[in-house]
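The values are calculated or read from the model by the stated rules, or taken from the named source; none is laboratory data. Worth saying up front: this structure is predicted, and the values here are computed from it rather than measured. For neighbour counting, all protein chains shown are included, and Cβ atoms are generated from backbone atoms with ideal geometry for every residue, glycine included.
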Amino acid sequence: MLNENLKALRKSKGLSQEELAAKLCVVRQTVSKWEQGLSVPDSDMLISISEALDTPVSVLLGETVAATEPDELKTISEKLEVINLQLAERKRSRRKTIHWVFIVLSALTVIAFIVLALTDNSYLKWDLSDPETAVAGTFVHGIAWVFFRVAPFLLIGTIVGAVLTRKER
C-alpha cells in the first residue's frame with residue numbers, strides 16, 4: 001500500500017524519483033526501493049516524505065481522505081465571501097484615502113505657489129551684509145527657486161493621481 005501511494009503521490013506532484021530523493025537527502029535508489037516495496041522508510045523518514053509531498057502520513061500509509069460534505073463547502077464559501085467583501089472594502093477605503101491625499105497635495109501646491117508669488121520675494125530686499133541674514137536669505141531664495149521649478153510637475157502629478165484614483169464606476 002505504501003509503495004503504491006508513494007509512487008502515485010510523487011507522480012501527482014510532478015516529481016521524479018531523483019527530485020524526491022534530493023528533497024529527502026537520500027539517493028534515488030532508496031526511493032526506487034520504497035516504490036517497489038523492497039524496503040520501507042522509518043517513521044522519521046515517513047514524516048519527511050509527507051512534508052515533501054505535502055500530504056498527511058496517514059494518506060501515505062493508505063487511509064482514504066473523507067470527502068468534504070456539501071454543508072462544509074457552503075460554510076467555507078460563505079466565509080470566503082465575507083473575506084472577499086472585507087478585502088474589497090479595504091481596497092476602496094485605501095483608494096479613497098489616496099485620492100484625497102492627492103487632492104490635498106494639489107491644493108497645498110497651489111496655495112504655496114500663490115503665497116510665494118504674492119510675497120514678491122521680500123527676502124531679496126534684506127540687508128545681506130550681515131552673514132546670518134545672508135545665509136537665511138540664500139536659504140529662502142533656494143527654497144523658492146526649487147519650488148517654482150518643481151511646483152508645475154508636482155501639480156500635474158497630483159492632479160493625474162487624483163484623476164486615476166477617483167471612484168470606479
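Look at Phe139 and say whether it is under 38 Å from the mean Cα position of the chain (by Cα) and on the phi < 0 side of the Ramachandran plot. For Phe139, the condition - under 38 Å from the mean Cα position of the chain (by Cα) and on the phi < 0 side of the Ramachandran plot - is not met. Looking only at residues of the stretch 24-51 that are exposed (fewer than 15 other Cβ atoms within 10 Å of the Cβ) and under 36 Å from the mean Cα position of the chain (by Cα), we find that the one that is modelled with the highest pLDDT is Cys25. Mind checking which residues of the stretch 1-23 are in a helix (DSSP H, G or I) and either of a type in the set (Asp, Glu) or farther than 18 Å from Val59 by Cα (or both)? The answer is Glu4, Gln17, Glu18, Glu19, Ala21, Ala22, Lys23.
Looking at the stretch 126-155 only, could you name the residues that are surrounded by 14 or more Cβ atoms within 10 Å (Cβ to Cβ) and either within 15 Å of Ile111 (Cα to Cα) or among the basic types (Lys, Arg) (or both)? Within the stretch 126-155, Ala144, Phe147, Ala151, Leu154, Leu155 qualify. In the condition set (1) outside any loop (DSSP other than H, G, I, E, B); (2) in contact with a helix residue (DSSP H, G or I) (Cβ under 6 Å, 6 or more places away or on another chain); (3) farther than 30 Å from Glu89 by Cβ, Val115 is compliant with all but (2). In the stretch 52-62, of all residues being loosely packed, with under 13 Cβ neighbours inside 10 Å and free of Cβ contacts under 8 Å to residues at least 60 places away in the same chain, the one that is nearest to the chain's Cα centre (by Cα) corresponds to Asp54.
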